[in-house]
Amino acid sequence: MSHTLIQNAALADGRTGCDVRIVDGRIAEIAPQLPVPESARTIDARGFLLAPSFVDAHFHLDATLSHGLPRVNDSGTLLEGIAVWGELKPTLTIEAIAERALRYCDWAVGRGLLAIRSHVDVCDDRLLAVEALLQVKKQVAPYLDLQLVAFPQDGLLRSPRALQNLKRALDLGVDVVGGIPHFERTMADGADSVRVLCELAAERGLPVDMHCDETDDPLSRHIETLAGQTQRLGLQGRVTGSHLTSMHSMDNAYVAKLIPLIAEAGVNVVANPLINITLQGRLDTYPRRRGMTRVPELMAAGVNVAFGHDCAMDPWYPLGSADMLEVAHMGLHVAQMTAPTQIEACFAAVTVNAARVLGLERHGLAVGCDADLVLLQARSVVEAIRLRPSRLLVLRRGRMVACSAPAMAQLDLPGRPASVDWTLLR
Ligand SMILES: [Zn+2]
């Protein structure tokens, strides 16, 4: 039996001075000043914030770290990004995709990000990216949960063999049915693709996660169809609408009817603040729209809303660092969620809400949950988002998988200590 006791931690719900007992990789007890068993390893949290590990509900591991290959996206638009990716695809190899994905997973673990849902493009008949990421999924399993979505990037109906390839990817072990209705040729084709994909998911007992309405066009209303098909097929709780940026530009009267439908259908929503704020509004002059979906309104209606990182150094986004606090920070700004409870909601959007999207039932900081935890050099959730501080320790099933030095001044002035003993492990 392995036994770890984390002492004197602040928790995301505002409690301070808490001890957390971990037995065999699971949280066994949370209370102030727990007794120290002889065999236990102890960690002094020094009053810092112990949080559930970060979860990224929306990412593209097959394209990550490919920025500049074969060229950069000059216009910065979604469509040029898709074109650049199309130029890169024929030159991809399994080894190159896997190497970049593994490198990103290393970054993720260092940042306390231990679960990622990644879309994987299935429009290349060779399914190289699928093969590479299935291999990566196995390799990283000891330290990171990787969930894969079969994503027809070039359109399900518009790309000749996309449906056939998507089914092959599911047969190979890809976990979730993806889609991109707004990229089909017509609104009718978009709606048809949603129906076909939801029926496929129902038939196979799989979850659904679609890129949906990632456009500034307020008449792109595929989320309505997605929610409708979710109800028709009894898929409540298993379906996610990613992006939904057209909702930013929709008529308020229509949205007043749409949000209750999304809530009733139990459809999860994933906004991708870093990407939505850079890709949307590109055809606007001024005023220029933000383009992110209506996060506070969806949350107020009881919809489970998560934030995703979406891209890092790929044809769509030249920046990114696997830091989900950076994502929450941007989400908070774009959605103007500055009240304390709203800041906390943005933290939940990159932890527990995102875990719900992935269906990770034992994620969280509660008795019985997996001890997948991150100790941040901050005293509260608000401070964590403000500072995006060092991840002092990252634990996976109670085992340390990453640590960082604390940020601290070394002034060496008379009357000021030159250094502090930062030993956390005893
Ligand atoms: Zn995406």
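The values are calculated or read from the model by the stated rules, or taken from the named source; none is laboratory data. Please read all numbers here as calculations on a predicted model, not as lab measurements. Please note: Cβ atoms are built from the backbone with ideal geometry, for glycine as well, and neighbour counts cover all protein chains shown. Protein only, heavy atoms only, side chains kept; ligands, DNA and RNA dropped before computing areas. Shrake-Rupley method; radii C 1.70, N 1.55, O 1.52, S 1.80 Å.
Below are the figures for this structure:
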| read-out | value |
| --- | --- |
| Which listed residue, of Ala371, Ala366, is in contact with a Gly (Cβ under 9 Å, 6 or more places away or on another chain) and either open to solvent by less than 30 Å² (accessible area, probe 1.4 Å) or modelled with pLDDT of 95 or more (or both) | Ala371 |
| Some residue of region 135-146 being open to solvent by 10 Å² or more (accessible area, probe 1.4 Å), touching a Leu at 6+ places or on another chain (Cβ under 7 Å), among the basic types (Lys, Arg) and closer than 25 Å to Ala402 by Cα | yes |
| Flag if Ser159 is hydroxyl-bearing (Ser, Thr, Tyr), modelled with pLDDT under 95 and either within 30 Å of Leu392 (Cβ to Cβ) or touching a helix residue (DSSP H, G or I) at 6+ places or on another chain (Cβ under 9 Å) (or both) | yes |
| Where a residue in region 181-204 is open to solvent by 50 Å² or more (accessible area, probe 1.4 Å) and its partner, wherever it lies, is part of a helix (DSSP H, G or I), with Cβ under 7 Å and at least six apart | Arg195/Gln229; Arg204/Leu170 |
| Hits in region 22-34 - residues which are open to solvent by 60 Å² or more (accessible area, probe 1.4 Å) and either at pLDDT below 95 or assigned to a strand (DSSP E or B) (or both) | Arg26, Glu29 |
| Whichever residue in region 323-350 is assigned to a loop (DSSP other than H, G, I, E, B) and surrounded by fewer than 24 Cβ atoms within 10 Å (Cβ to Cβ) and, among such residues, is farthest from the ligand (Cβ to nearest atom) | Ala339 |
| Selection count, region 80-106, where residues are farther than 17 Å from Pro318 by Cβ, open to solvent by 10 Å² or more (accessible area, probe 1.4 Å), part of a helix (DSSP H, G or I) and of a type in the set (A, V, I, L, M, F, W, C) | 3 |
| Exclusive hit being open to solvent by less than 30 Å² (accessible area, probe 1.4 Å) and over 30 Å from Leu244 (Cβ atoms), set His3, His58 | His3 |
| Lys167 being without any contact (Cβ under 8 Å) to a residue 60 or more places away in the chain, open to solvent by 20 Å² or more (accessible area, probe 1.4 Å), out of contact with any His (no Cβ under 7 Å at 6 or more places or on another chain) and under 30 Å from Val394 (Cβ atoms) | no |
| Hits in region 119-135 (condition: part of a strand (DSSP E or B) and either more than 16 Å from the ligand (Cβ to nearest atom) or out of contact with any helix residue (DSSP H, G or I) (no Cβ under 6 Å at 6 or more places or on another chain) (or both)) | His119 |
| Of all residues making up region 374-396, the number that are open to solvent by 40 Å² or more (accessible area, probe 1.4 Å) and not aliphatic (A, V, I, L, M) | 5 |
| Any hit, region 97-107, residues being within 16 Å of the ligand (Cβ to nearest atom) and at pLDDT 95 or above | yes |
| Test: Val208 is modelled with pLDDT of 95 or more and over 22 Å from the mean Cα position of the chain (by Cα) | no |
| Of residues in region 285-294 being closer than 28 Å to Ser321 by Cα and away from the ligand (no atom under 16 Å from the Cβ), the one nearest to the chain's Cα centre (by Cα) | Arg294 |
| Matching residues in region 157-190 - criterion: being part of a loop (DSSP other than H, G, I, E, B) and out of contact with any Cys (no Cβ under 7 Å at 6 or more places or on another chain) | Leu157, Arg158, Pro160, Arg161, Gly173, Val174, Asp175, Ile180, Glu184, Arg185, Thr186 |
| Criterion (within 16 Å of the ligand (Cβ to nearest atom) and of a type in the set (D, E, K, R)) met by exactly one of Asp44, Asp74, Asp56 | Asp56 |
| Failed item in (1) open to solvent by less than 10 Å² (accessible area, probe 1.4 Å); (2) within 16 Å of the ligand (Cβ to nearest atom); (3) part of a helix (DSSP H, G or I), with Thr278 passing the rest | (1) |
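So that you can scan it fast, the table gives a plain yes or no per residue for (1) at negative phi; (2) within 16 Å of the ligand (Cβ to nearest atom); (3) modelled with pLDDT under 95; (4) open to solvent by less than 10 Å² (accessible area, probe 1.4 Å):
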position	(1), (2), (3), (4)
Arg282	yes, no, yes, no
Pro296	yes, no, no, no
Met299	yes, no, no, no
Gly302	no, no, no, no
Gly320	no, yes, no, no
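One line per residue, one yes/no per condition, for (1) closer than 30 Å to Ser380 by Cβ; (2) hydroxyl-bearing (Ser, Thr, Tyr); (3) in contact (Cβ under 8 Å) with a residue 60 or more places away in the chain:
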site	(1), (2), (3)
Pro35	yes, no, no
Arg41	yes, no, yes
Leu49	yes, no, yes
Phe59	yes, no, yes
Ser75	no, yes, yes
Thr93	no, yes, no
Ala96	no, no, no
